[in-house]
Structure formats: C-alpha cells, structure tokens
1. Could you check the stretch 73-145 for helices (runs of 4 or more DSSP H) lying wholly inside it with 3 or more residues that are surrounded by fewer than 17 Cβ atoms within 10 Å (Cβ to Cβ) and at pLDDT 90 or above?
2. Only one residue in 294, 282 is surrounded by fewer than 22 Cβ atoms within 10 Å (Cβ to Cβ) and either out of contact with any helix residue (DSSP H, G or I) (no Cβ under 7 Å at 6 or more places or on another chain) or touching a residue at least 12 places away in the same chain (Cβ under 8 Å) (or both), so which one is that?
3. Of the residues in the stretch 280-290, how many are touching a strand residue (DSSP E or B) at 6+ places or on another chain (Cβ under 7 Å) and more than 13 Å from residue 193 (Cα to Cα)?
4. Select from the stretch 253-276 the residues that are modelled with pLDDT of 95 or more, on the phi > 0 side of the Ramachandran plot, more than 22 Å from the chain's Cα centre (by Cα) and not in a loop (DSSP other than H, G, I, E, B) and list them in ascending order.
5. If we keep just the residues of the stretch 218-231 that are farther than 16 Å from residue 283 by Cα and within 20 Å of the chain's Cα centre (by Cα), which is surrounded by the fewest Cβ atoms within 10 Å (Cβ to Cβ)?
6. Taking only pairs six or more apart or across chains, which ones have beta-carbon atoms under 6 Å, a first residue in the stretch 56-70 that is assigned by TED's automatic domain parsing to the domain that holds residue 28, and a second residue that is at pLDDT below 95 and assigned to a helix (DSSP H, G or I)?
7. Just one of the numbered conditions (1) crowded, with 24+ Cβ neighbours inside 10 Å; (2) assigned to a helix (DSSP H, G or I); (3) out of contact with any strand residue (DSSP E or B) (no Cβ under 7 Å at 6 or more places or on another chain) is not true of residue 312; which one?
8. What tally of residues in the stretch 291-309 results from selecting those that are in contact with a strand residue (DSSP E or B) (Cβ under 7 Å, 6 or more places away or on another chain) and either within 27 Å of residue 97 (Cβ to Cβ) or assigned to a helix (DSSP H, G or I) (or both)?
C-alpha cells in the first residue's frame, strides 16, 4: 500500500513514522519538513489547494491519502480526493465544521444530547459583556473559527477576556466568538477513528496548553502530552463512546454530512460529570505522538478501514503495556513572537527516545535551523510515567538551540499520583 500523508508538522512526522512500521507500506509526505525528509520522500504541494493535492496523489499513485492538519479539511481537500476516487482519511468540508466552527459544534452537540458547557455565540461586544456577566470568572473565550489551537483564552481577568473577544470579532469578516462557562476538573483528549457509522476509540491522553510550568502563561498549540492516564476512571472510554462520540457521529449522518476520519473529543472530567470542551476533526498535536507510540496494531489498516467504510470488521486495537510522554521544545518568543534561524544541535539517532520535527528547515550549510514556534517534539516510552519522564527529559537535555524553552512538568502530577477527578 502506498500512503500519501499531507502536512508538515510533528503530528505528520509521527504519522509517517507509525505508518512506516507496517509491513508492505510505502509512505510519502507533502509538503513535509526537514525531519520528515530524513524518513521518507517528500513533495512540494499547496496543502489547501484541492487540485494540487489531487494531482500529486494521482502522480504518485497513492492508495490512501491521510490528511493531517485542519486547514486542508476545512478547505474541502478530502472532498476533492474522494471525488477523484482516491481513498482518503479525513472528513469532508461539511463535516470538518465540527472543528471549523465552535457554534456549529455546539449545535450538533445540543441536537445529539452530548454533555457540554453552556455557551453563547457573540457577534457584538454588547453580547460579549452580557455573556461574561452571566458566566462569571474564570472566563472562557473561544474564537469561532480555526486558530491553530491558540484561539482560546481562559482567564480570571475580565479585560483580557473582553479584549480577546474583540480581536476574534474584528479579526475577520463575520467574526464571532463563543463565551462558555468554565469547566472544572482534569482535561482529557480522546481520539476516535470512524467511517461515519462505526467508532473505534484510541487510548486517552492529556496535553498541556499553557506555555510555562504549573500552567502559567498564554495558551499554545500544546507543550507536551502523556498517555495512558492512570488516574482516569476505567469506564471513561466506553462512556465517552456511548455518550459523546457515537451520538455525534450518528447526528452528523442524520444531517446528511457523515463524519469519516479522526474525531477528537477534548473533555473535562468535572464534578458534574464528563463534558465536551471541543471537537477537532483531525489528530491532535502533541497527543498523537504519545498515542501512536503505544499503538501495537497496524495504523495503516485502521486508517484504510475508515477511508473504505469497513471499520465494523476491523479487529480490536492492541496497545503496548507502557507509558509515553512527549515534550515540545519551543522557539525563543513562542507563542507570541517566535524567533527563527537558530541552529539546532544534538539531532542524532537515539535508542531511548524519538525526535519528531515540527518547525525546522535546513540552511545552506545543511544544518537544521528553527523555522517555527514549536520546533521539536521529543517522545519517550517507559515502564511507567516516572520511567518515561526520565527518558524524555534525558533526550531533551541532549538537544540545543538558542532561546529554546520547554516545560519541565509534563506528566509530573500524574507520575506523583496528584491528579484527581472531582
């Protein structure tokens, strides 16, 4: 099987690595990045241009196209590939609205009876003020459109919340913002692969959005993650399938826009039960790195079954008896004003950890240099979270570039048994 992966981040690097492990699979990536190019052949492509992606898939005779990022999905690239008769992992543009519009997702959840936070869609500052008054502090303000994981502000400062809402409303034509009630309790990321009918959940993970230790600083696209979650209720996955994922998939089918691909549920385990924070229409980054590190079943057959509507006959997934942690190494100034160009050293092969590239490129001398905010994801597995933390931070300590920063507390509370579900 020849698989074309679309995307250029650490998530796509992890997908490429995982797919490469499967017997009889050839992997190609477009546009890829400097690290992905060390593993597989890469091609240039405008990943949000449907005609360009279809032409490339036909040129390389891809048996399956896996779309990593959200932007091509919302742009309808999966629709064009399917119209050309190419099996594709990723939802249609209509179904990808579950991520592309927070308001649409809320409407689907309400129709499907999915438990989520109370929310108001606001298109004017007067509406924002009323919603902030109603829900009170902490304030949760979400850009209604795509924001690369950084469109959410959670703050106790009303002015900060209002300013973010104003930026969202005025930042694009028809801009809107969603104001939500705050949900207490630990957060969980749960991926599910679906073909529009059958739902297969992967192993839960937890990511860390704030840029600094102890959840300080602004939100980012994610600074690290770990899996599994030793503190999570044993019935969590089955309950989320029954109460969240399957009802959502069924509702999307009822609306005539079946969801096929990766449905990501961001959850809060609150004192009033599990609540959905958000849906995404693709693998999350950096959770993908740790979830795939533990997957023992072939990823290629799972994604192909989703693309060909044969998930009902797919065997149950098998998981490694290990823990995995990923730590993001970020550029100077990330997330507000990331600086590029710094030379990266220490990128050599290791047996105890993996390096997934996100924002890297090669300079004229052949050196790897920083080219994005999140630069690298160092991922390691261990017998438990304590062992995995030791391995992953040993890996981080061997890689250097000017201005680099990372969190030192990824999975620390979980390793110490200090995560509690209210």
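1. By residue number, 102-112, 125-135.
2. One residue alone meets the criteria, 294.
3. Summing the residues that are touching a strand residue (DSSP E or B) at 6+ places or on another chain (Cβ under 7 Å) and more than 13 Å from residue 193 (Cα to Cα) in the stretch 280-290 gives 4.
4. Answer for the stretch 253-276, where residues must be modelled with pLDDT of 95 or more, on the phi > 0 side of the Ramachandran plot, more than 22 Å from the chain's Cα centre (by Cα) and not in a loop (DSSP other than H, G, I, E, B): there is none.
5. Residue satisfying both the conditions and the ranking: 218.
6. 70/99
7. Unmet for residue 312, out of (1) crowded, with 24+ Cβ neighbours inside 10 Å; (2) assigned to a helix (DSSP H, G or I); (3) out of contact with any strand residue (DSSP E or B) (no Cβ under 7 Å at 6 or more places or on another chain): (1).
8. 9
The values are calculated or read from the model by the stated rules, or taken from the named source; none is laboratory data. Quick caveat, the model's predicted, so the values are computed rather than measured. Cβ: placed from backbone, ideal geometry, glycine included. Neighbour counts: every protein chain shown.
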